[in-house]
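The values are calculated or read from the model by the stated rules, or taken from the named source; none is laboratory data. Just so we're clear, the structure is a prediction, and the values are computed from it rather than from any experiment. Neighbour counts are summed over all protein chains in view; Cβ atoms, including those assigned to glycine, are modelled from backbone coordinates with ideal geometry. Only protein heavy atoms, including side chains, enter the accessible area calculation; ligands, DNA and RNA are left aside. Shrake-Rupley method; radii C 1.70, N 1.55, O 1.52, S 1.80 Å.
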Amino acid sequence: MSSLLEEAHPVEPPSFSSLNLDTSRAPPLPSYQLRRSVAGIETELLIQTFDDRILVIVTQNGKVGCLTQASIPPHTPLPPPTRPTPIPDPTTSSSNSNSNTTSSSSTVASTSRTLSILSILPIPPPSLTLTPLLGSPPSQTLHELYVSQIATLVFWALETSGLPRRNVVVGLSLVKFSTKTEEDDDQDGGFPLELEDDARGAGHGGERERFAGIMEMVSNWNGPETS
């Protein structure tokens with residue numbers, strides 16, 4: 001046995017150059033990036049297109065978060081969103097308003113425009129299937145609500161671009177708002193409790209505004225760029 005070991009020769013591991021892989025010709029992955037302040041929190045959106053799926057990352061803390069795959073049958077119809085109703089700009093309605101009133105009106109109008117998308121979002125189809133891939137979200141219901149709506153917007157963008165439908169993998173990592181009170185739970189206004197304005201900190205517009213702002217960011221993606 002010792003003689004065999006003495007006669008053995010070390011084998012060098014293969015290098016990438018010996019594999020004749022021309023990585024310089026590999027096309028880059030089509031990607032879309034957007035960064036905005038949503039409900040007072042810096043929010044980043046990344047959408048990358050793969051041959052078999054679309055990857056969507058929404059983060060407010062630089063993390064990928066929990067990964068969930070959304071899929072629907074190829075021929076399930078998707079109702080397109082309707083056109084939003086224009087909201088008048090109060091800053092141009094009166095030239096005699098003082099600066100404080102104008103600033104306050106601008107803030108209200110900006111929030112109203114953000115929330116207006118909630119009334120025109122396409123409804124996720126009942127056949128939508130969510131498959132957890134990595135991690136456990138702190139609020140399963142809220143996480144699924146975000147993932148379902150994001151995936152539906154992506155499906156719609158693919159359809160309007162004339163591209164084949166593919167699965168959507170969503171990574172969601174959002175900062176935590178303060179906990180709602182029991183009094184707030186009794187005044188849900190007919191809207192899902194997970195999206196009620198439950199933020200109490202300064203500068204935070206609440207879960208409902210954050211949901212609307214993130215969906216507005218995703219809706220700006222018009223589908224993969226095709227050459």
For the subset of the stretch 118-132 comprising residues that are surrounded by 12 or more Cβ atoms within 10 Å (Cβ to Cβ) and not β-branched (V, I, T), which member is modelled with the lowest pLDDT?
L118
Unique residue being open to solvent by less than 70 Å² (accessible area, probe 1.4 Å), over 11 Å from the mean Cα position of the chain (by Cα) and either of a type outside the set (A, V, I, L, M) or within 16 Å of Q48 (Cβ to Cβ) (or both) when the list is G162, G171
G162
T141 fails exactly one of (1) exposed (fewer than 13 other Cβ atoms within 10 Å of the Cβ); (2) modelled with pLDDT under 60; (3) in a helix (DSSP H, G or I), namely (2)
